[in-house]
Amino acid sequence: MNATDSRMLAGISVPDTQIVTQVMEYARERCEPYLFNHVVRSWLFAARLGQIQSIEHDAEVVAVGTLLHDITLNERFNGPRRFEVEAADIARTFARKSGFDERRAQLIWDSVALNSTASIGLFKEAEVALCTAGICLDVIGWQYDLLPPDEIAKVVEEFPRLQMKRRMSKCFCHIAEVRPETTYDNFARDFGTRFVKGYAAVSAVDLVMDAPFTE
C-alpha cells in the first residue's frame, strides 16, 4: 500500500485497498447494523489515534483486526470457546485467504483475541495496541479526549450507535447464560454477575487452593 491508496471515511483518512473493501463487505454481511457500525467506528478511532500520535503501523492489519473483532458477538453465539477466540480464528482465516503472510495474520489474530483484554493488548505490537485502543474508545470512552469532539461527532453521525449499550449488553448476558465457562476470566463475567440469574463464576482463589499438589 502506498500514500495514494487512501480515502476519507467520516472525515478520517483510511486505506483504500481491495483487502479493506473486502473486509468491510464481509463484516457488513455478518454483523447486525448496530454491531457493524461499532466495528467501523472502532476502526476509524484506531486509525485516527495512530495518526494523531504518529504511531507507525500496518493500516490494513488494523482495518481487518478492528472490523472483524466482534464477528461472533451475537445472541446466537454458543461457543465452545471465548467469543473473542472464535472470532480470532475466523479473522485469521480471512487474512490468510486474502494473501496476508503469517506474521500479519497472527497480528490480526492477536488483535481480535485480545480485543476485550486491554491490560494485555495495549502493550503488544502497534497494530494490536491500536485495535485495542480504538475498540476501547468506542465501548468505554477510553482516550476519548485525545480526539477532537467534532471528529468523534462526525464518526457517530455517519455510523450511529443504534442503542449499542443495550444491545451489546444482551449479547454478553446471552453468552453468560449459555456458555458461562467462557466468561470466568474476562469482562463478560461482570454482565453475568450483574444481570444473569443463577450465574456463579469460578473463583481463581479456589482453583489455586484446590490444585492437586500438597503445597
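Taking the fewest neighbouring Cβ atoms within 10 Å as the starting point, the ordered list for CYS31, CYS131 is CYS31, CYS131.
Taking every alpha-carbon pair under 8 Å whose residues sit at least 6 apart, the chain reaches a relative contact order of 21 percent.
Under a model in which nothing but the beta-carbon of Lys, Arg (+1) and Asp, Glu (-1) is charged, the range 6-162 shows a dipole of about 280 debye around its Cα centre. Within the range 102-202, the trypsin sites (Lys or Arg not before Pro) that combine a DSSP coil assignment with at most 11 other C-beta atoms in a 10 angstrom radius are LYS197.
Peptides 36-46, 135-145, ordered by how many other C-beta atoms sit within 10 Å of their residues on average, highest first, read 36-46, 135-145.
Quick one: how many lysine pairs in the chain have C-alpha atoms under 29 angstrom apart, if they're 8 or more apart or on different chains?
Lysine pair count for the chain: 6.
R0 = 30 Å: FRET efficiency of LYS197 with LYS165, Cβ-based, nearest 0.05? For LYS197 and LYS165, the calculated efficiency is 0.90. Each of ARG48, ARG76, ARG81 was scored by other Cβ atoms within 10 Å of its Cβ. Arranged with the fewest first, they read ARG76, ARG81, ARG48. Remark: spin-label model distance GLN53-VAL156 equals 2.1 nm, labels positioned 7 Å along the Cα→Cβ axis.
Here, each number is a calculation from the coordinates, and none is a lab measurement. As the structure is a computational prediction, the values presented were derived from the model and not from experiment. Cβ sites come from the backbone with ideal geometry, for glycine too, and all protein chains shown count toward neighbours.
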